[in-house]
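K.L.:
Let me begin by handing over the structure; questions about it come next.
Values in this text are rule-based calculations from the coordinates and carry no lab data. Remember, predicted model here, so these are calculated numbers, not experimental data. We place every Cβ from the backbone using ideal geometry, glycine too, and count neighbours over all the protein chains shown.
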Amino acid sequence: MKLIMAIVSNDDAASVSSALTKKNFSVTRLATTGGFLRAGNTTIIVGTENDKVDECIGIIGDESKRRTEIVPSTASYDIGRYASFPVEVQVGGATIFVLDVEQFKKL
């Protein structure tokens, strides 16, 4: 058995969990915050059999779209002088961890 943890954008979380549920995966969603952009995201947890891992990852990948956003950034030019300018960054997609499960019990 495997535990899949997928960190996805809040924009993609509903479609990812819906698509997984339609394929009979049990899904738990957690609200989390990313460190780089300090933006909200969602961590999706799925427990599944070893032979279903690739299918689960495929569904997550199909529903998690990468996109480009413009975010404000600041740069220091001198003591006390800051300028704000937009920076283009890639957001979305998914970061996926697959962990071995030593024991599973449903009570």
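K.L.:
Sum up the charges of everything whose Cβ sits under 11 Å from the Cβ of Lys52, counting Lys and Arg as +1 and Asp and Glu as -1, but leave Lys52 out.
P.N.:
Values: positive: Lys2, Lys23; negative: Glu49, Asp51, Asp54, Glu55.
Neighbour charge sum, excluding Lys52 itself: -2.
K.L.:
Give me the net charge for the shell around Lys22: Cβ to Cβ below 13 angstrom, other residues only, Lys and Arg +1, Asp and Glu -1. It would help to have the intermediate numbers written out before the result.
P.N.:
Numbers: positive: Lys23; negative: Glu55, Asp62, Glu63.
Result for the local shell: -2.
K.L.:
Still on this model: Near Gly61, within a Cβ-to-Cβ distance under 12 Å, what is the net charge of the other residues, with Lys and Arg +1 and Asp and Glu -1?
P.N.:
Values: positive: Lys65, Arg66; negative: Asp12, Asp54, Glu55, Asp62, Glu63.
Here the count lands on -3.
K.L.:
Additional query: Please arrange Ile60, Ile44, Ile96 by counting, for each residue, the other beta carbons lying within 10 Å of its beta carbon, fewest first.
P.N.:
Ascending Cβ contact count within 10 Å gives the list Ile96, Ile60, Ile44.
K.L.:
Could you list which residues have their amide H under 5 Å from that of Lys65, counting only those 5 or more apart in sequence or on another chain, with H placed in the peptide plane?
P.N.:
Here Gly93 satisfy the definition.
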